[in-house]
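Below: one structure, written as structure tokens.
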Amino acid sequence: MAAVYEELYAKHGYHANLNLSQGQPVAAWIGHNLKEQVAERGVLDVGCSHGRGVQVLWEHGVKAAGVDLSSTAVEMARSARMGRPGVQCAVAEESCFQSAPATQLPFPDAAFDAIMSTDVLEHLLLHEVRPMAAEVHPTADRTQKNS
């Protein structure tokens, strides 16, 4: 699947409008309603695309970072978002945006106070849904097995 999204971003202008993101309303809601609950370790945006959702979190004073399957999307996020005033990366700034599949996040469990993900689930293959759920909520898979 990574090759598909690489082609879409690199050759077909996928998510070319850097000011538009499905994650904006979610990020704004988090910034308005959960700022205190996510103050320590911040928020990870899984499927961050060009990073607009992460930037909205920063605008609300929330530490945040993002991952996306597409390395082109991650480069777009880095070039469009980093180095601006208000950057509050939830991890080391050089790794604020990383390329990774939603099924294998490059962070230890409980590295963030919250994880947001918008416009991602429908892009997964059926066999990737449970591994993604286990990545964003490590006890989810164990809970399902015990039910």
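The values are calculated or read from the model by the stated rules, or taken from the named source; none is laboratory data. Here the structure is a predicted model, which is why all the values come from computation and not from measurement. All Cβ positions, glycine included, derive from the backbone under ideal geometry; neighbour counts span all protein chains shown. Ligands, DNA and RNA are excluded from the accessible area calculation, which covers all protein heavy atoms including side chains. Shrake-Rupley method; radii C 1.70, N 1.55, O 1.52, S 1.80 Å.
For the range 68-95, what are the residues that are aliphatic (A, V, I, L, M) and without any contact (Cβ under 8 Å) to a residue 24 or more places away in the chain? Let's see the steps before the verdict.
Filtering the range 68-95 for residues aliphatic (A, V, I, L, M) gives 69, 73-74, 76-77, 80, 82, 87, 90-92.
Across the range 68-95, the qualifying residues are M82, A92.
For A73, indicate whether it is surrounded by 13 or more Cβ atoms within 10 Å (Cβ to Cβ), touching a strand residue (DSSP E or B) at 6+ places or on another chain (Cβ under 6 Å) and under 19 Å from T103 (Cβ atoms).
Judged against the criteria, A73 is not a match.
Looking only at the range 8-59, count every residue that is open to solvent by 40 Å² or more (accessible area, probe 1.4 Å), assigned to a loop (DSSP other than H, G, I, E, B), in contact (Cβ under 8 Å) with a residue 40 or more places away in the chain and among the small types (G, A, S) and tell me the total.
1
Among the residues that make up the range 104-122, is at least one of them open to solvent by 60 Å² or more (accessible area, probe 1.4 Å), closer than 11 Å to V46 by Cβ, outside any loop (DSSP other than H, G, I, E, B) and in contact (Cβ under 8 Å) with a residue 60 or more places away in the chain?
Yes - at least one qualifying residue is present in the range 104-122.
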